[in-house]
1. How far is helix 213-223 tilted off the main Cα axis of the chain, in degrees rounded to 10, range 0 to 90?
2. I need Ser204, Ser29, Ser467, Ser446 ordered by Cβ neighbour count within 10 Å, fewest first.
3. Per residue Cα convex hull volume for segment 415-489, in cubic angstrom?
4. Within the chain, what's the longest stretch lacking GluC sites (Glu not before Pro) that sit in DSSP loops with no more than 12 other Cβ atoms inside 10 Å?
5. What span do the alpha-carbon atoms of segment 325-434 cover on each of the three principal axes, reported in whole Å from largest to smallest?
6. Name the residues whose placed amide hydrogens come within less than 5 Å of the amide hydrogen of Thr33, ignoring near sequence neighbours (fewer than 5 apart) on the same chain.
7. At 20 °C and a viscosity of 1.002 mPa s, what translational diffusion coefficient does Stokes-Einstein give for segment 72-117, taking Rh as the Kirkwood radius over Cα pairs? Give it in µm²/s as a whole number.
8. To the nearest 500 deg cm²/dmol, what mean residue ellipticity at 222 nm is calculated for the chain from DSSP H runs of n ≥ 4 alone, each contributing -39,500 (n - 2.57), summed and divided by the residues?
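Taken together, the values in this text are just the output of simple stated rules run on the coordinates, not laboratory data. Worth saying up front: this structure is predicted, and the values here are computed from it rather than measured. Backbone-built Cβ (ideal geometry, glycine too); neighbour counts: all protein chains shown.
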Amino acid sequence: MNEIEVLKHYWGFNSFRPLQEEIIQSVLSGQDTLALLPTGGGKSLCFQIPALVKEGICIVVSPLVALMKDQVENLKSKGINAVAIYAGMGKREIDILLDNCIYGKIKFLYISPERLMSELVRVRISYMNVNLIAIDEAHCISQWGYDFRPPYLKISELREILPEVPVIALTATATAFVREDIVEKLAFKNPKVFVQSFSRKNLSYVVFDLDDKYKKLMDIVTNVRGSGLVYVRNRREASEVALFLQRNGIAADFYHAGLERDERSRKQEEWKRNQIRVMVATNAFGMGIDKPDVRFVVHLDLPESLEAYYQEAGRGGRDEHRAFAVLLANQSDQLALRAKYTDSFPAVEEIKKTYHYLGSYFQLAYGAGEGLNFNFDLADFCKRFKLGVIKTIAALKFLEHDEYITLSENIFLPSRVMFTAGNEDVYRFQIENAGYDPLIKTILRSYGGMFDHYANIVESDIAKRLSISYNDVVRMLTNLQEMGLLSYLQQTDQPQLQFIRARVDLQHFDIDVKYIELRKKIQLEQINAVLAYAETPLCRSIQLLAYFDEPNADKCGVCDICLAEKKNEDLAELNDKIDFEIATLLQTGPHALDELVTAIKTGSDNEKLNQIRELLDAGKIKTDGKNYYL
């Protein structure tokens, strides 16, 4: 099938969106391609379609596990074979998936950048028939970008393993400088770069400098119809603002990464179906959520970069109808943003301490831990060692950059089971251990194919079928694992922390101080750009487009600055008309005040009286106390 046939067959569309076709042609002709398409611009089709047209498998690198899982499920629902490998999976499980990619009919292998660090993965990729390497959220590879992820720097090693395979890099937000950096870091040969304009004509950007933000938020929610999104700084604020809206009769809810997976899914679905009108969320919300009819996106706090702001605000109005992106920012917010900047840079000593505490937390001896994966509860870790959360997150990022650890975001991994003993051995075991027989039978009947790959299981379902407790099921499965009959991986909803190298003592611990200074400089520039955007009385759209290297843009006509200018122009025009009428009337002779006001046809009584006062003050008309004349 060619690209149009693939589009129609799997997605049911007859034509491409702007730039999609040109990007797909570039990839199909074997060019290294960089594509900048705004959020909701259909980026994933730009690599999925060429990969389906060509023989072989496409490797997709993505930093967001939730997004990877969504895309894999989407592809599977269309009958396309896709798998994902990310932090938290067991070695044997990864082994089986990689084998399927070499010998099976898998078309897409989604992989998190941390996983590319493993020798096992790299060796196996070299045996695959790879037709394309796709790098999603490609701005993460640039340390000048707003969301730099150190493991992304490992992607270029894929090019050494697969030198002939073309690469497509995709992102929604990147300045010209970051674009050049992406092309260089990915060692592009004769790159083709496609950039869709960052202009969003239907989006009205507004900034308010107010102390009472809650009152303004209520005004917006009351006056703008339809569904909305409110971004806040932290989890506590998310629940407080949602509660405030609920108390005022608005169907609102809150969302953050600390919620249980089922609760997160439920809230997302209710918002998508408009059962919840307003979602109050931290920036963990929105990735991969394609809801076209969002009428307003409100930021109750200043964002940390214009890239993040553009991406989050851009979730409004994807259906091309009018939507509002509102930033509520006052003086204390500006001080808070600067303070957060100061707080987020730990000293080298603090980074060392954080590393030392990690070793104690996971009870790792010096020289041990290489390649080990752990569930990581950041809140518990900070509480135990009396650490500040913001500084600790920053310290972990520096430890990631210097390749001591990697850290993934919150991910839900269901429980998985695979029999490691052969069919006959399991049968013999059942006869000899009657107490385990019902459990083994139930698992084998309920979940297929468990002798050659891991199957997802739900312990509570098994417990219900056997009329035993959930804890009994877990205990029995753990026992069977210890006896060598099966491999049992329990579900988790925690971020995954992996030690890339064995734990070193502090004598041999080295941190890149120059890099810390560079991050400081970059972050300060990003914060200054946000503050300038909030304070500069210039068309908001022109400011954003200039930041993304689209100079000489026209005024949008719909942001708060443009509307204020238009209002002033209209007022000036109205005043000129009133002045002209007054002069014309008084040329015919003196008029009493009420006579004059009645005779003027333009404006309200207040506007007429204001202009009479203005003309008197300027000495253009006079009064003897009773009549007015020229």
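1. The helix 213-223 is inclined about 80 degrees to the chain.
2. If I rank by nearby Cβ atoms, fewest first, I get Ser467, Ser29, Ser446, Ser204.
3. That works out to 77 Å³ per residue.
4. In short, 371-630.
5. 74, 44, 24
6. When sequence neighbours closer than 5 places are left aside, the close amide H contacts are Val167, Ile168, Ala169, Lys192.
7. D, rounded to a whole number, is 193 µm²/s.
8. Mean residue ellipticity at 222 nm (helix-derived): -13500 deg cm²/dmol.
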